[in-house]
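Here's the structure we're looking at; comments come further down.
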């Protein structure tokens, strides 16, 4: 098949998009296919290739299937082939043309997008800068070429190799992306990122998580299948009941009809007999009258003799008798009064009142057994302030150097300590900090008066400046999403610029005691209701609830954090444990044996080195043992 033809519309490809299975489609055709595939799905995550039926995940950058098609890479080689068919540039070697020579082309370099002759092909494969390029014979392209996946090339900047990975935006980048869109982001080379993945066995951990999630989803699918089976059985039961009622009605109607027709037959038999007798009476009387008339009208009978005279007077008596006869007409009426029940059945608009109630069951209440258990292994106590300060710890965070801790105490004292436990200084800002985060050298803090402040503080300086944001809401927590602030309030979560300007108000339930954002924009927060109940919820950026996490072994959830693969950690303050969830809200592990955990942070350079506030008085460096 000609690879420049779209398999859906069978026309020349328009804006060819290549999906991971290497099949190419017009962008609009692919968009239509995706939309049709996602109709009726509550949570669309992907689609199947219309050619090979392989599953293709949707874009993680958007949950809207209508935007997925344009996120797949353009197939620049096929675009080049379509253009070349018009301009006939596939015939001649491009480097030779640059040298004013005409040599027939035999190959195409997919990296340089230039046709090469045999000689230039040999040089191309020898040069250090081009020897890794993919060079394909033109006859292979023209017959059955399918472009390989473009995972090594930037989707924004054509033919730019991906060399870096941005951890702030969770996306691979080329060098142009780095200097244009990610100037201040945490970046690393692809090689270094891969080394870290391999060093920490992240891929194996993720496979394990995927297995648990897949097992969980399989259980959900089985439950849904059972629900479907039950509703199908119920539908069959209703069908059978309908048939049974109709059969009973038919049998009853047949019986009643038979009885009615029998009664009708007997009634008509008696009526016919009575009418027939009356008809015979009338016939006899008519015959009598005709007989009398015939006697009187017969001339031969009329003579003076005893027979005629006697007959005349007999007829006179007969006439008198005939006229005085008590005659009647049998005026028989027949009626049938049908049962009112039958009339009601006839006038009924439906055999039964049918209702179909769809009741979504929150997955949070499907508490599956056998959630794996782990333990919190304390490596060392970094800080214990109770005996020294007689106060409690409200908050802590790491400085951007990932080496020093900033610990906020409830007596307006803030301690700057090394991760090894050395307290370097104490800092006072004039209020007690309940919740705080650091971004770009500034501290954004929620005070005990539920106000949000921006504090310009240099770690090596004794001075600071403070700005109170003018927010007409009580603030309870603050975190960072990309370059913005995410603030937990009453029944709402705010997106703010770093100058306090409001960007978005996201509806939420309860008081947002802690909040974190995931890379795709979803939000996880602990909401406290008016009754004091604390519930962990995951929502989209528009406020739509994705999941709710409650568990019998999670009591008084207090703090939230996440790791680099976006697993979520919940501190169970009264249950003395830490719950590990996937970003989709599935319970993956419960880590036990940590007294009264509240705040947690994870060092950027490690995937298992946590710092946990325990019993509100100490900071412990711990490892979560699977």
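Before moving on, here are some points about what is shown:
- Selected residue [closer than 25 Å to residue 355 by Cα and surrounded by 11 or more Cβ atoms within 10 Å (Cβ to Cβ)] from 227, 243, 219: 227
- Test: residue in segment 439-453 that is part of a strand (DSSP E or B) and more than 22 Å from residue 498 (Cβ to Cβ): no
- Subset of segment 112-124 (residues that are surrounded by fewer than 17 Cβ atoms within 10 Å (Cβ to Cβ) and either within 22 Å of residue 157 (Cβ to Cβ) or touching a strand residue (DSSP E or B) at 6+ places or on another chain (Cβ under 7 Å) (or both)): 112, 113
- With respect to (1) modelled with pLDDT of 80 or more; (2) crowded, with 17+ Cβ neighbours inside 10 Å; (3) farther than 25 Å from residue 23 by Cβ, the lone exception for residue 127 is condition (2).
- Residue 518 vs. criteria within 21 Å of residue 210 (Cα to Cα), at pLDDT 90 or above and surrounded by fewer than 18 Cβ atoms within 10 Å (Cβ to Cβ): yes
- Pairs, first under 17 Å from residue 603 (Cβ atoms) in segment 411-429, second part of a loop (DSSP other than H, G, I, E, B), C-beta under 7 Å, six or more apart: 416/459; 418/403; 419/403
- Flag if residue 29 is on the phi < 0 side of the Ramachandran plot and in a helix (DSSP H, G or I): yes
- Qualifying residue in segment 396-403 (condition: buried (at least 18 other Cβ atoms within 10 Å of the Cβ) and closer than 20 Å to residue 381 by Cβ): yes
- Looking only at segment 576-588, and only at residues there that are surrounded by fewer than 21 Cβ atoms within 10 Å (Cβ to Cβ) and out of contact with any helix residue (DSSP H, G or I) (no Cβ under 8 Å at 6 or more places or on another chain), the one that is nearest to residue 214 (Cα to Cα): 583
- Residue check, residue 543 within 30 Å of residue 63 (Cα to Cα), in contact with a strand residue (DSSP E or B) (Cβ under 7 Å, 6 or more places away or on another chain), surrounded by fewer than 18 Cβ atoms within 10 Å (Cβ to Cβ) and not assigned by TED's automatic domain parsing to the domain that holds residue 411: yes
- Only residues that are surrounded by fewer than 15 Cβ atoms within 10 Å (Cβ to Cβ) and either within 30 Å of residue 539 (Cβ to Cβ) or at pLDDT below 90 (or both) were counted in segment 43-59, giving 5.
- Search result, residues across segment 292-312 that are farther than 23 Å from residue 323 by Cβ and in a helix (DSSP H, G or I): 306, 307
- The single condition among (1) at positive phi; (2) in contact with a helix residue (DSSP H, G or I) (Cβ under 7 Å, 6 or more places away or on another chain) that residue 38 does not meet is (1).
- Residue 47 meets all of the listed conditions (1) more than 30 Å from residue 138 (Cβ to Cβ); (2) part of a loop (DSSP other than H, G, I, E, B) but one, namely (2).
Quick grid of which residues meet (1) crowded, with 17+ Cβ neighbours inside 10 Å; (2) within 18 Å of the chain's Cα centre (by Cα); (3) within 27 Å of residue 518 (Cα to Cα):
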residue	(1), (2), (3)
12	no, no, no
25	yes, no, no
38	yes, yes, yes
41	no, yes, yes
61	no, yes, yes
64	no, yes, yes
68	yes, yes, yes
77	yes, no, no
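- Residue in segment 417-430 that is touching a strand residue (DSSP E or B) at 6+ places or on another chain (Cβ under 7 Å) and closer than 20 Å to residue 168 by Cβ present: no
- Scanning segment 207-223 for residues that are within 14 Å of residue 587 (Cα to Cα) and touching a residue at least 12 places away in the same chain (Cβ under 8 Å) turns up 209, 212, 213, 216, 219, 220.
- Looking across segment 550-566, just one residue is within 27 Å of residue 503 (Cβ to Cβ) and within 22 Å of the chain's Cα centre (by Cα), and that is 566.
The values are calculated or read from the model by the stated rules, or taken from the named source; none is laboratory data. Because the structure is a prediction, the values reported are computed rather than measured. Backbone-built Cβ (ideal geometry, glycine too); neighbour counts: all protein chains shown.
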